[in-house]
Amino acid sequence: MFENFTPPPIVTYAIPVFFLLIGIEVYIGYRKNKDLYRLNDSIADLSTGIISQIWGLFQKGIGLFAYFYIYEHFRIFEFAMTNPWAWILCIVGQDFCYYWSHRLAHEVNLLWAGHVIHHHSEEYNLVVALRQTGLGGIISWIFYVPLALIGFHPWMYLASGQINLIYQFWVHTKAVGKIGKIGEYILSTPSHHRVHHAINPIYIDKNHGGIFIIFDRMFGTFQEETEPCVYGTVKPLRSFNPVYANFHYYWELIKQAASAPYFLDKIKVFFKPPGWYPREGTKPAGFLPIPDVRPETFHKYDPKPQQEVKTYTTTWFVLVLLLSFAFLLFVAKFSFVSQVLVTIWVTLSLVAINALIEGKSWAGAMEITRLLFGFLVIAYFDVSWTYYAIGIVCLLVAGIYLYRTSGQKAQAA
């Protein structure tokens, strides 16, 4: 059954709709003279989103195999996929599991390490919804085991999860206010989710619901939007590197555990909430204070590259985005080795593009490296000479670009 299973591709087919809505939001911001987007931040967000989808190809089997096994051997009931009530129960149950998964991802350091990437952006718009971890499939499936035990078919479970994810896309916006008392009381809305992404002390770790806000009301994590939101993380990332964004917090936990003088504290580091620090000498363990923030005084990370850099990186990013989308649509036609090669090239490309935007000293070397690696990928696929010609043109353009911009660094805002 597992071998012949085809997951529902709902999110993949929803991607064009996502970008249509992003375009509408950009237009609304332009008409209302509001800065809802920054190009550098949006490229960084979409870079992590692309990596999330492509890295996720190698992780989805872990949770899906476990879900299948539990469903096949331990399910209590069996629901027909043609039963509309079964779908309603599955969607509500999935959101209940999501609530606890999401809440604990904010309250346990080891889980926060995989979720923090979604909160790094200091903007709040529809593109931020696509900013996701590339490592989420390793642990998150555990929270949905109850759905398998109850007896929801794996296809129904995956479809409900994708419906949940698609719903959450629209709540990542400042362009929509409150939607009325009934909607605000039952559903997770843009207002509720703005609170969730804010780092104002009053808003920390609130409003975890995906589709419904009722679970936050039930379990004491609900907070109304009462003051202007400041977005990001309490400790800012100050980087657009998508690979670093995925791994940095794990590394911070490892360093903190290694430096903790007491063995028990070395373990606690991974299971305490973010901001916790261990004992040191006579100083007891505790939590770092959450600073008060205001929109008018908060300094965003905003590298300002030259126009040539903007043009070059934006052009390449659009190409990588389109190639990644095509790859995800037809991934079943690729061998495992082909998938690995494409994944490496896409990852190198996104790291290089963001490094160029940030003006990193190693950005030029990374750019040449990923273009040369692209030749290896082309050679592996044994494509026609036309693609080699395209590759040579890309290298020439990169060389001209690097020559023109040599000695000039991006100016930090």
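The values are calculated or read from the model by the stated rules, or taken from the named source; none is laboratory data. In this text the structure is predicted, and so the values were computed from the model without any measurement. Cβ placement follows ideal geometry from the backbone for every residue including glycine, while neighbour counts extend to all protein chains displayed.
Hey, can you tell me all the residues within region 180-204 that are surrounded by fewer than 16 Cβ atoms within 10 Å (Cβ to Cβ) and part of a loop (DSSP other than H, G, I, E, B)?
Residue satisfying the conditions is Gly180 alone.
Going through region 321-352 one residue at a time, which ones are among the aromatic types (Phe, Trp, Tyr) and assigned to a loop (DSSP other than H, G, I, E, B)?
Phe330, Phe334
Counting only residues that are touching a residue at least 40 places away in the same chain (Cβ under 8 Å) and β-branched (Val, Ile, Thr), how many does region 228-283 have?
The number of residues fulfilling the criteria is 5.
In region 62-111, what residues are among the charged types (D, E, K, R), farther than 14 Å from Ile211 by Cβ and either under 23 Å from the mean Cα position of the chain (by Cα) or part of a helix (DSSP H, G or I) (or both)?
Listed by number, the residues that qualify are Glu72, Arg103, Glu107.
Can you spot a residue in region 245-254 that is out of contact with any Phe, Trp or Tyr (no Cβ under 9 Å at 6 or more places or on another chain) and in a loop (DSSP other than H, G, I, E, B)?
no
Is it the case that Phe215 is closer than 30 Å to Trp85 by Cβ, among the hydrophobic types (A, V, I, L, M, F, W, C), assigned to a loop (DSSP other than H, G, I, E, B) and at pLDDT 95 or above?
For Phe215, the condition - closer than 30 Å to Trp85 by Cβ, among the hydrophobic types (A, V, I, L, M, F, W, C), assigned to a loop (DSSP other than H, G, I, E, B) and at pLDDT 95 or above - is not met.
Might you check whether a residue that is in contact with a helix residue (DSSP H, G or I) (Cβ under 8 Å, 6 or more places away or on another chain), more than 22 Å from Val351 (Cβ to Cβ) and either surrounded by fewer than 17 Cβ atoms within 10 Å (Cβ to Cβ) or not hydroxyl-bearing (Ser, Thr, Tyr) (or both) occurs anywhere in region 40-53?
No, there is no match, as no residue in region 40-53 is in contact with a helix residue (DSSP H, G or I) (Cβ under 8 Å, 6 or more places away or on another chain), more than 22 Å from Val351 (Cβ to Cβ) and either surrounded by fewer than 17 Cβ atoms within 10 Å (Cβ to Cβ) or not hydroxyl-bearing (Ser, Thr, Tyr) (or both).
Given the residues Val293, Val309, which is the only one that is of a type outside the set (D, E, K, R) and over 30 Å from Val234 (Cβ atoms)?
Val309
Take region 250-276 and flag every residue that is of a type in the set (Val, Ile, Thr) and either under 26 Å from the mean Cα position of the chain (by Cα) or surrounded by fewer than 11 Cβ atoms within 10 Å (Cβ to Cβ) (or both).
Answer for region 250-276, where residues must be of a type in the set (Val, Ile, Thr) and either under 26 Å from the mean Cα position of the chain (by Cα) or surrounded by fewer than 11 Cβ atoms within 10 Å (Cβ to Cβ) (or both): Ile254, Val269.
Test Arg279 against the stated conditions and say whether it is at pLDDT below 95, of a type outside the set (A, V, I, L, M, F, W, C), surrounded by 11 or more Cβ atoms within 10 Å (Cβ to Cβ) and more than 19 Å from Leu111 (Cβ to Cβ).
Yes.
Please tell me if Gly137 is small (Gly, Ala, Ser) and under 30 Å from Phe77 (Cα atoms).
For Gly137, the condition - small (Gly, Ala, Ser) and under 30 Å from Phe77 (Cα atoms) - is met.
For Phe336, are the conditions met, namely being modelled with pLDDT of 95 or more and either at positive phi or not polar (S, T, N, Q) (or both)?
Criteria not met by Phe336.
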